[in-house]
Every structure is written in structure tokens, then in C-alpha cells.
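The values are calculated or read from the model by the stated rules, or taken from the named source; none is laboratory data. Keep in mind that this is a model prediction, so the values were computed, not measured. Here the Cβ positions follow ideal geometry from the backbone for every residue, glycine too, while neighbour counts run over all protein chains shown. SASA here: full protein model, heavy atoms, side chains in, ligands and nucleic acids out. Shrake-Rupley method; radii C 1.70, N 1.55, O 1.52, S 1.80 Å.
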Amino acid sequence: EPPAPPSAPPSAQPSASSKKIIGWSRADLGAPTTLLMVRHGVPQQSVEHRFSGINGFDPPLIDLGRRQAEAAAEELARRGGADVLVCSPLQRTRQTAAIISERLGMGEPIVVDGIAEADFGEWDSLNFAEVKARWPDELAAWLASTEVAPPGGESFATVRRRVDAARADLVARFPRQR
């Protein structure tokens, strides 16, 4: 039977409370910046399964959406809150953030354009069946590739690049915060 591997000395074992990132370098990178994304509560457009993007109709939350935002706020409070609260410029996200902010005793949420919903162009406010009836080829191409945009809108690949840039900016602006 092979001998058991030697255990690391106590000083080399990470503590459960440590928030340091340990990598190949010896540099202490400190505590990470933690981003927690909360989806906005639902507006009527979501209930009706309608496209609702950044440049179309900007619907408010419905009662169910406000209850969802309140539940998210309670969960965030249970997890210890947050240091910074950001939202997109859309009304439903600003309303959700305001509910969370009030519950957590935070200030005004910071509006960040780069994290906004996709621009669905001419499909905005239409449901899937309506889009399929009017733009069957465009819809098929959009469903087949994240590089294809709806007519007058933006592709999910473009959205990803925009959101990735906004995320990187948030990490740089709010280091070691959550």
C-alpha cells in the first residue's frame, strides 16, 4: 500500500473565511468584485410573450413583477445586501432596482446603458407567431445564428459584446465590491 501523501502545514491551508484569489503568481489579488445579476420583474409584454427591447415600447412592471422584485430584494437582503446597485435604462429595470434599493436602504441605482435588453427592431411588441408570419426567413436565420439581427435591431452577438464591455467597466469602477 502506498504511503499517504503528506498533509500541508496549517499555514499553507486556505481558511474558509479567506477571500483572496490564489493563482500561479504570488501577487495578492485581494477580494474579487462580485456581480450578481437580477432579472427585472415582469411587465405585461413578458406575460404575453412579446418582444420588448431597448428601443421599443418600454412597459412598466405589473403587480406580479413588483412582487417578483420584492422577493428578489428579500433574497438579496438575506444574502447580505450589496455595495452598489446598477440597472439598465428600461423602466421595468429601474422599477425593479428601486424596489431593491428601498428594501436594502441603498441610494439611487446607477443606470448603465450597456446592460440594456437587446434591440429587437421591427419585432418589438410583437409575439413570436406574429414575427414568424411576417418574417419567416429572417426569424429562421435569427434562430440559427447569434450573429443575425432582427430587421432594424441588433444581434445577440452584438448584445454580448456590449454587455461584456459594460461588465468590464463595472468591475473596474467598483473593485472588490459586490
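Contact list please: Cβ distance under 6 Å, first residue in the stretch 124-153 and more than 20 Å from Ile54 (Cβ to Cβ) and part of a helix (DSSP H, G or I), second residue modelled with pLDDT of 95 or more and open to solvent by less than 60 Å² (accessible area, probe 1.4 Å), pairs at least six apart or on different chains.
Correct list of pairs: Lys132/Leu139; Ala141/Val148.
If a residue has to be outside any helix (DSSP H, G or I), over 23 Å from Phe174 (Cα atoms) and of a type in the set (Lys, Arg) to count, how many in the stretch 40-87 make the cut? Full working, then the answer.
Taking the stretch 40-87 and keeping what is outside any helix (DSSP H, G or I), we get 40-43, 48-62, 79-87.
Imposing the further condition that a residue be over 23 Å from Phe174 (Cα atoms) reduces the set to 41-43, 48-62.
Retained after the next criterion (residues that are of a type in the set (Lys, Arg)): 50.
Selection size over the stretch 40-87: 1.
Cβ-Cβ below 8 Å, separation at least six or inter-chain, first residue in the stretch 81-96 and modelled with pLDDT of 95 or more, second buried (at least 19 other Cβ atoms within 10 Å of the Cβ) and of a type in the set (Asp, Glu): which pairs?
Within 8 Å, the pairs are Ser88/Glu117; Leu90/Glu117.
Residue under question is Ala82, and the condition is that it be open to solvent by 40 Å² or more (accessible area, probe 1.4 Å), among the small types (Gly, Ala, Ser) and within 19 Å of Arg178 (Cα to Cα); does it hold? Quick ask: steps written out before the conclusion?
Numbers: open to solvent by 40 Å² or more (accessible area, probe 1.4 Å): no; among the small types (Gly, Ala, Ser): yes; within 19 Å of Arg178 (Cα to Cα): yes.
The answer is no for Ala82.
Would you please name the residue that is nearest to Arg167 (Cα to Cα), looking only at residues in the stretch 106-135 that are small (Gly, Ala, Ser), open to solvent by 30 Å² or more (accessible area, probe 1.4 Å) and modelled with pLDDT of 95 or more?
Once the filter is applied, the top-ranked residue is Ser125.
Any idea which of (1) of a type in the set (Gly, Ala, Ser); (2) closer than 19 Å to Arg39 by Cβ; (3) out of contact with any Lys or Arg (no Cβ under 8 Å at 6 or more places or on another chain) is the one Gly153 doesn't satisfy?
Tallying (1) of a type in the set (Gly, Ala, Ser); (2) closer than 19 Å to Arg39 by Cβ; (3) out of contact with any Lys or Arg (no Cβ under 8 Å at 6 or more places or on another chain), Gly153 fails exactly one: (2).
Of all residues being open to solvent by less than 40 Å² (accessible area, probe 1.4 Å) and assigned to a helix (DSSP H, G or I) in the stretch 154-169, which is nearest to Leu85 (Cα to Cα)? Just the residue, please.
It comes out as Ala166.
Restricting to the stretch 39-79, name every residue that is closer than 25 Å to Arg176 by Cα and open to solvent by 40 Å² or more (accessible area, probe 1.4 Å).
Hits for the stretch 39-79 are Arg39, Glu74, Glu75, Arg78, Arg79.
Output yes when any residue across the stretch 146-161 is touching a Gly at 6+ places or on another chain (Cβ under 7 Å) and modelled with pLDDT under 95, and no when none is.
no
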